[in-house]
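> Sharing a structure here in structure tokens format.
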Amino acid sequence: MKENDSSKYKPHHFLAITLAYIIAIESVLMIFVMPRLPEMGLYLSAVVDSLLVGLLVFPVLHFSIFKPLIKDIKKRKEAEESLKVSNAELVKAMDELQEKSRASALLADMDDLLQSSSDFEEAYGIIGRSSTLLFPGSSGSLMILSPSRNFSESSVNWGDREPSCKPEACNPEECWTLRRGQVNILKQDKTGFPCKSLLSADRGDYLCVPLQAHGEALGVYFLQFESDRLSDSKRLLALTASKQVALALANLKLTEALRVQSVRDPLTGLFNRRYMGVTLERELHRAARRSNPLGLVMIDLDHFKRFNDTFGHDAGDSVLRELGVFLRNQTRKEDVVCRYGGEEFLIILPDASLEMSRRRAEKIRDEVKYLNLRHNGAPLGPVTLSMGVSAYPENGPSPDGIIEAADKALYVAKTGGRDMVVVADAEQV
């Protein structure tokens, strides 16, 4: 309390006290000393006179010189302090401006790279590297919802530490960010509400930003700050970065969907006839250049009209879909399975001779009989296939020639009783 009370006194308070003491001393001298000056010696009289003059002159000097000087010094000190504060604020503003300029350049670079990326894996790598530069000292991850939207499927992590929120632990039903569609912030002071998918909530500040574009939720942009706190500027930067990420991923998703639509049959998911033509021409050139064979199998679903007439067109579509899945499972990764048209399919077999292609066709014909087809719980009955097989170089070097040979062999199989494999010969070209 005494220190607090003494701190209340200002310099002019002490000057007033000093003047009070001077006036008191002068009064004492005037009352008790001045009357006795004649009795004192010359030396003592001179001393007393000098003291009296000093005491009388001091107030004049104080108010005319010392006090303005003290005020000027005080103003200069205040100006220096104000200048220091202004300089500190200016340096801080310059640092913030430089940081914003750096962040803007990084955001522009990330956006340009994302717009130029050709697939999702490439985009994930760009997002990870850019996020490391945007938020130095932090860790994070990108969590993408699966097509079924019931779990997080694909992700990329960045930073020195493993993120506390992992994709495999992120259940959309337990994620506050996805459920609310809003930013979720959890700080060291325990403000905010942690998700069940957060493995550890005591390692710093956390920020979860929902990735939304074109009215669709895509996933979560997750950041954790351990050595530094989550400031407003970083929060705004994360929101801007997440918007760019969401838009880029949505555009990639749209581009991928358009690409699939251009080369895939919408019903069966197999390659369409247009893609088959381009691929067959390319594979024939490759086979000719390497002196390798190439097989072709044309397939027709026997009595397909019966499925439509008996069970309806929905059942017929179900049969075609199931057959598409079956054919994909029966072929190699390098084989190309296409829907040629209607109930006809075509398989391109790189590096397969005519005999090898025939054996592959026979295996498919045998295995398809074990396919258990059902529609709305009702069995649809067994399925049989008629097949025509042709190959390069036996049936010519052109795509049209090989297709025509396989088509003619298929016609022989269909007219010969169906459920059989017929191999084209060179004379059919």
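> Quick check: pseudo-label points 7 Å beyond the Cα along Cα→Cβ at ASN251 and ARG235, how many nm apart are they?
Between ASN251 and ARG235, the label points sit 2.9 nm apart.
> Taking a 23 Å limit on the Cα-Cα distance, which of the listed pairs LYS333/LYS363; LYS305/LYS414; LYS84/LYS187; LYS100/LYS253; LYS187/LYS234; LYS92/LYS234 fall beyond it? Spell out each step's value before the answer.
Numbers: LYS333/LYS363 17 Å; LYS305/LYS414 14 Å; LYS84/LYS187 33 Å; LYS100/LYS253 30 Å; LYS187/LYS234 14 Å; LYS92/LYS234 16 Å.
From LYS333/LYS363; LYS305/LYS414; LYS84/LYS187; LYS100/LYS253; LYS187/LYS234; LYS92/LYS234, over 23 Å: LYS84/LYS187; LYS100/LYS253.
> Label 7 Å along Cα→Cβ of ARG102; the range 116-142 residues with amide nitrogen under 13 Å?
Backbone N within reach: 132-138.
> Here's a follow-up. Could you order peptides 309-318, 239-248, 174-183 by the average number of other Cβ atoms within 10 Å of their residues, highest first?
Going by the mean number of other Cβ atoms within 10 Å, highest first, we get 239-248, 174-183, 309-318.
> For ARG306 and LEU371 in the same chain, what is the full-extension length gain: residue separation times 0.36 nm, less their Cα-Cα distance, in nm? Before the final figure, lay out each step's value.
Values: separation 65, 0.36 × 65 = 23.40 nm, distance 1.70 nm.
Fully extending the segment from ARG306 to LEU371 adds 21.7 nm.
> What FRET efficiency comes out for LYS363 versus GLU334 if R0 is 25 angstrom and r is the Cβ-Cβ distance? Round to the nearest 0.05.
The calculated FRET efficiency here is 0.90.
Coordinate-derived values only; no laboratory data. Computed from a predicted model, the values in this text were never measured in an experiment. Glycine also receives a Cβ, built like all others from the backbone with ideal geometry; neighbour counts cover every protein chain displayed.
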